[in-house]
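Here, each number is a calculation from the coordinates, and none is a lab measurement. Here the structure is a predicted model, which means the values were calculated and not measured. Cβ: placed from backbone, ideal geometry, glycine included. Neighbour counts: every protein chain shown.
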Amino acid sequence: MAAPDAPRLNAPAEGVAAETDESLVERLRAGDQAAFDGIYERYFTRVFQFLDRRLRNRADTEETTQEVFVNVFSSIDGYRGEAPFGAWVFGLTRRTLANRFKRKRHATVALTEDDGDKVDLLLTTVRREPDPLESYEAAERLARLADAVRRELTREQVQLFELHHLHHHSIHEIARSLNKSVDSVKSNLYRARKVLMAR
């Protein structure tokens, strides 16, 4: 089974439109090429437009879009269903885009023993200000996350998320300190992560 080579902008076939993402994923895992075609047709236009707004170069956009779908194809077993499939695809799209920028930005230079005094200069270069694209994407993601926290999470879920993910307390420590069951803490953390991962 091979991923398609050329971008296609046509609308998904009627049968594909009626089929759920989950069904397509299961078929793809079973080796069904038509399922990959269905996922490709369903998400191609949105992925292409998302990348085009950021890359603003048709050739780069087409190449990166193809890379995204190769990554979808090769990583499909990593999709666990904890977030909607579309959110997983766009998470993969963002990572593919970020990796592309990293590859373009970082040239590697071999250091010899005589280059020891240049290490400080290289370290200073690594600690750089984010470029406009990175700043835009970070602000966009933060806005989506803040909106999701405000609209979809309870105060308790926010508190648990902060204690576990920001302050690094274990689930057992949190359950003990808040006088809650471990299962209750796990369940609320799962719901909070599911909401935030979809953003």
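Return, ordered by residue number, the residues of the range 150-168 whose backbone nitrogen is under 20 Å from a label point located 7 Å along Cα→Cβ of Arg176.
Counting only backbone N, you get 160-168.
Between Lys194 and His165, 0.36 nm times their residue separation minus their Cα-Cα distance comes to what?
Net length gain for the segment: 9.1 nm.
Using only Cα atoms, locate the centre of the range 137-166 and the centre of the range 177-199, then give the distance between them in Å, rounded to an integer.
About 12 Å separates the Cα centre of the range 137-166 from the one of the range 177-199.
What list of ³J(HN,Hα) couplings, whole Hz, do you get for the range 167-178 from phi and the Karplus terms 6.51, -1.76, 1.60, once you set θ to phi - 60° and write x for glycine and proline?
9, 6, 7, 6, 4, 5, 4, 5, 4, 5, 5, 9
Using the Karplus equation 6.51 cos²θ - 1.76 cosθ + 1.60 (θ = phi - 60°), what ³J(HN,Hα) coupling, rounded to whole Hz, does each residue of the range 56-65 give in order, writing x for Gly and Pro?
Per-residue couplings from phi come out as 6, 8, 4, 5, 5, 5, 4, 5, 5, 4 Hz.
Kindly write out, for the range 80-87 in residue order, the coupling ³J(HN,Hα) from the Karplus curve 6.51 cos²θ - 1.76 cosθ + 1.60 (θ = phi - 60°), rounded to whole Hz, with x marking Gly and Pro.
Working through the residues one at a time gives 9, x, 6, 10, x, 4, x, 5 Hz.
Using label points projected 7 Å from each Cα along Cα→Cβ, tell me how many nm separate Ala148 and Arg56, to one decimal.
2.8
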